[in-house]
1. Mind running the shape call on the stretch 44-104? Use the C-alpha gyration tensor, a ≥ b ≥ c as the square roots of the eigenvalues: rounded below 1.5 for a/c, prolate if a/b tops b/c, oblate otherwise.
2. Could you check what % of the DSSP bridge pairs in the chain are antiparallel, to the nearest 5?
3. Over the stretch 139-268, consider all pairs of different Cα atoms and compute the Kirkwood hydrodynamic radius from their mean reciprocal separation; express it in Å, one decimal.
4. Find the relative contact order for the chain and round it to a whole percent, using C-alpha pairs within less than 8 Å whose residues are 6+ positions apart.
5. As a test of the definition: which semi-axes, in Å, follow for the stretch 192-234 when you take the square root of five times each eigenvalue of its alpha carbon gyration tensor? Largest first, please.
6. Rounded to two decimals, what ratio of Rg to Rh does the stretch 99-195 give with C-alpha atoms and a Kirkwood Rh?
7. Taking every pair of alpha-carbon atoms in the stretch 21-152, what share in percent sits in each 10 Å bin, from 0 to the bin with the longest distance?
8. In debye to the nearest 20, how big a dipole does the chain give about its Cα centre with +1 on each Lys and Arg Cβ and -1 on each Asp and Glu Cβ?
Amino acid sequence: MRNVLLTGAAGHIGRYLRATLKTRYRLRLSDLRSPADLEDAEQFVAADVADLDAVCRIAEGMDGIVHMGAVSAEDAWEPILASNIIGTYNVYEAARRQGVERVIFASSNHAVGFYPRGRTIGVDVTVRPDSRYGVSKAYGEALASLYADKYGVRSMCLRIGNLADEPLDVRRLSIWLSPRDLTQLVEIGLEHPDVHYDIVYGMSDNARAWWNNENAHRLGYRPRDRSEDYAQAVLGRCGEPGDSLPDWMQGGDFVELEKGGSPFVQDE
C-alpha cells in the first residue's frame with residue numbers, strides 16, 4: 001500500500017500520524033482547515049467529510065483511508081450527525097466508489113463506556129455507548145462491517161482509549177495509547193492480509209486495562225509502551241478515583257456529560 005488519505009489531519013491524532021506515517025506512505029492530508037504547521041512537502045486538500053462529492057474527490061487514487069476526522073467530544077446531536085454519522089458514511093461510500101482497499105476507522109472506548117471498570121471486556125460485547133459521541137462510534141463500527149461484508153472494503157476499527165505522550169490521570173492508566181503504538185495499529189490495519197472487518201482496542205501495554213485486546217495481538221500487535229511506568233507519578237499527583245458514577249464506569253465523565261469532555265485534552 002502506497003497512497004493513504006488521512007482525514008482529520010489538523011486534529012490531535014492527525015498531528016501525530018502525519019509525523020509517523022509519512023516515512024512509509026504517500027499521504028494526502030485533509031480537514032476543514034489546513035494544519036498550522038503544514039510543511040511544503042505535505043499534500044493538503046481541504047474538504048468537509050459531510051460533503052460526499054468532496055470526499056470522493058480526495059479519495060481518488062488512494063489505496064487506504066485513515067479516517068480520523070470527526071467531532072471528538074460529546075456535543076449536541078446536529079454536529080455529531082453531520083461529522084460523525086454522515087461524514088463516516090461518506091468516507092465508506094467514497095472508498096467503495098473509488099476502489100479504496102482499506103479504511104481505518106477511529107472508533108472510541110466511548111462506544112462501550114457504560115461497562116463498569118470492574119469488568120474486563122473484549123471486542124465482541126454488546127455496545128453500550130456513554131454519549132451521543134459514543135453512539136456515533138458504534139454506528140461507524142456497524143457501517144464498517146456492512147462495507148466489508150457487502151462491498152469488500154476491508155476495515156479495522158480502533159476503539160481508541162486516550163492518545164497522549166503519557167497518561168495524565170488514574171483513568172488513563174487503564175486506557176492510555178502512545179503515539180508509536182497507535183502507529184503500529186494503523187499500519188497493521190493497512191497492511192495485514194487477514195484484516196477483513198476487525199475491532200481492536202487502541203491501548204498500549206496497560207497493566208490496569210479493562211479491555212481484552214486479544215484480537216489485536218492475533219494480528220501481530222506488540223505494544224512497546226507501558227502505562228505502569230507512569231503510575232507512581234500519576235497516583236502521587238491525582239490520588240485514587242472517587243465514588244461517583246463516572247469513577248465506576250469505563251467512559252468516565254462521558255456517562256454524565258451533555259457537552260464537552262474531549263478525550264484529547266488535559267482538562268476532560
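1. On the way: a/c = 2.11, a/b = 1.93, b/c = 1.09.
Prolate.
2. Working: 2 of 36 bridges.
Bridges in the chain that DSSP calls antiparallel: roughly 5 percent.
3. Working: mean 1/r = 0.0632 Å⁻¹.
The Cα-based Kirkwood calculation yields 15.8 Å.
4. Working: 584 pairs, mean separation 50.2, N = 268.
Relative contact order, the chain: 19 percent.
5. Values: eigenvalues 124, 20, 9 Å².
Values for the stretch 192-234, descending: 25, 10, 7 Å.
6. Values: Rg = 14.2 Å, Rh = 14.4 Å.
That ratio equals 0.98.
7. In whole percents, the pair-distance histogram is 12, 39, 33, 14, 2.
8. Working: 30 positive and 40 negative charges, 143 e Å.
Value, rounded to 20: 680 debye.
Read-outs: derived from the displayed coordinates by stated rules, not from any lab. Small disclaimer: the values here were computed from a predicted structure and weren't measured. Cβ coordinates were reconstructed from backbone atoms using ideal geometry, including for glycine residues, and neighbour counts include every protein chain displayed.
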